[in-house]
Amino acid sequence: MYTEKVMEHFRNPRNMGDMPDADGVGTVGNPVCGDLMTIFIKVKDNKIADVKFKTFGCGAAIATSSMITELAKGKTLEEATKISRGDVAESLGGLPPVKMHCSNLAADGLRAAIEDYLKKKEAKK
């Protein structure tokens, strides 16, 4: 059902954990399946210098959270905002159709973290 890459990111997630000093935090969830993820970003020179996640959910939710952090790290905010659910799924070698909503959550969580950062930055002006 899952690709080896999905299983690898599920068994050995990258960038998992809390980030108390995050510049932006995005929390998204799907009440239907119960998946909940929070993405934390640290921004330096308009680039994502560090990114972490905490996810409560299925194996696909954990794998997509892990993958979105790898895809986003080092990207400019504009580049990171353009990472789509298709990009996440493709980077994992595909997801079963019934699990595609998980990659949607990961991309939405990253965008929410970026939006949070931009709102905080604007409020400081």
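Computed from the coordinates by the stated procedures, all read-outs in this text should not be read as laboratory data. Because the structure is a prediction, the values reported are computed rather than measured. As a convention, Cβ positions derive from the backbone with ideal geometry for all residues, glycine included, and neighbour counts pool all protein chains shown.
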Kindly list the number of the only condition in (1) part of a helix (DSSP H, G or I); (2) surrounded by fewer than 17 Cβ atoms within 10 Å (Cβ to Cβ) that fails for Gly74.
(1)
What are the residues in segment 91-109 that are touching a Phe, Trp or Tyr at 6+ places or on another chain (Cβ under 9 Å) and either assigned to a helix (DSSP H, G or I) or among the charged types (D, E, K, R) (or both), if any?
Lys99, Ala106, Gly109
Output for segment 78-90, where each listed residue is part of a helix (DSSP H, G or I) and surrounded by fewer than 20 Cβ atoms within 10 Å (Cβ to Cβ):
Glu78, Glu79, Thr81, Arg85, Gly86, Asp87, Glu90
Any idea which residue in segment 91-111 is surrounded by the fewest Cβ atoms within 10 Å (Cβ to Cβ), counting only those that are closer than 28 Å to Asp45 by Cβ and charged (D, E, K, R)?
Arg111
Does Asp108 qualify as being touching a residue at least 12 places away in the same chain (Cβ under 8 Å), closer than 16 Å to Val25 by Cα, charged (D, E, K, R) and in contact with a helix residue (DSSP H, G or I) (Cβ under 9 Å, 6 or more places away or on another chain)?
yes
